Amino acid sequence: QVHLVESGGGLVQFGGSLTLSCVAPGSGFHLTTMGWYRQAPGKERELVTSITNDGITDYLDSVKGRFTVFRDNAKNSVSLQMNSLKPEDTAVYYCHTKYYNGDYYEYESWGQGTQVTVSS
């Protein structure tokens with residue numbers, strides 16, 4: 001089973017930058033689509049970005065041009081570079097992955113969440 005460990009959250013001023021990282025330690029699994037979700041107070045969790053195993057990306061319209069997602073398949077990791085941060089980006093950010101563990105069922109796993117707060 002995949003356990004995702006997140007890091008990189010924090011407090012940043014308007015227009016600042018942060019980079020979030022997420023890694024899946026261990027072996028015996030194959031990560032497929034990975035991504036980042038976020039959940040702001042009073043809102044449902046939303047998909048911010050996703051990246052397939054071969055590098056195809058998708059972004060929420062509101063973060064296009066500001067956020068960039070990367071993955072390193074050798075390290076079983078995914079990162080989110082966030083630039084030009086706005087107060088509306090304030091949320092708990094969750095790493096997510098789909099994966100196979102040797103059978104034919106595609107599982108999913110979530111990181112513990114990391115708080116990103118952008119001051120206005």
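Scanning segment 80-120 for residues that are modelled with pLDDT of 95 or more, small (Gly, Ala, Ser) and surrounded by fewer than 19 Cβ atoms within 10 Å (Cβ to Cβ) gives Ser84, Ser109, Gly113, Ser119.
Do we find that Glu108 is touching a Lys or Arg at 6+ places or on another chain (Cβ under 6 Å), free of Cβ contacts under 8 Å to residues at least 60 places away in the same chain and not aliphatic (A, V, I, L, M) in this structure? Don't jump to the end; show me each part of the working.
Details: touching a Lys or Arg at 6+ places or on another chain (Cβ under 6 Å): yes; free of Cβ contacts under 8 Å to residues at least 60 places away in the same chain: yes; not aliphatic (A, V, I, L, M): yes.
Yes.
All conditions but one from (1) within 20 Å of Leu85 (Cβ to Cβ); (2) surrounded by fewer than 13 Cβ atoms within 10 Å (Cβ to Cβ) apply to Gly8; the one that does not is (2).
When Gln81 is tested against (1) in contact with a Lys or Arg (Cβ under 7 Å, 6 or more places away or on another chain); (2) in a strand (DSSP E or B), only condition (1) is not met.
Arg38 meets each of the listed conditions (1) within 14 Å of the chain's Cα centre (by Cα); (2) open to solvent by 50 Å² or more (accessible area, probe 1.4 Å); (3) among the charged types (D, E, K, R) apart from (2).
The values are calculated or read from the model by the stated rules, or taken from the named source; none is laboratory data. These numbers were taken from a predicted model, which means no experiment stands behind them. With ideal geometry, Cβ positions are generated from the backbone for all residues, glycine too; neighbour counts draw on all protein chains shown. Each accessible area value is taken on the protein alone, full model and side chains, heavy atoms only, with ligands, DNA and RNA left out. Shrake-Rupley method; radii C 1.70, N 1.55, O 1.52, S 1.80 Å.
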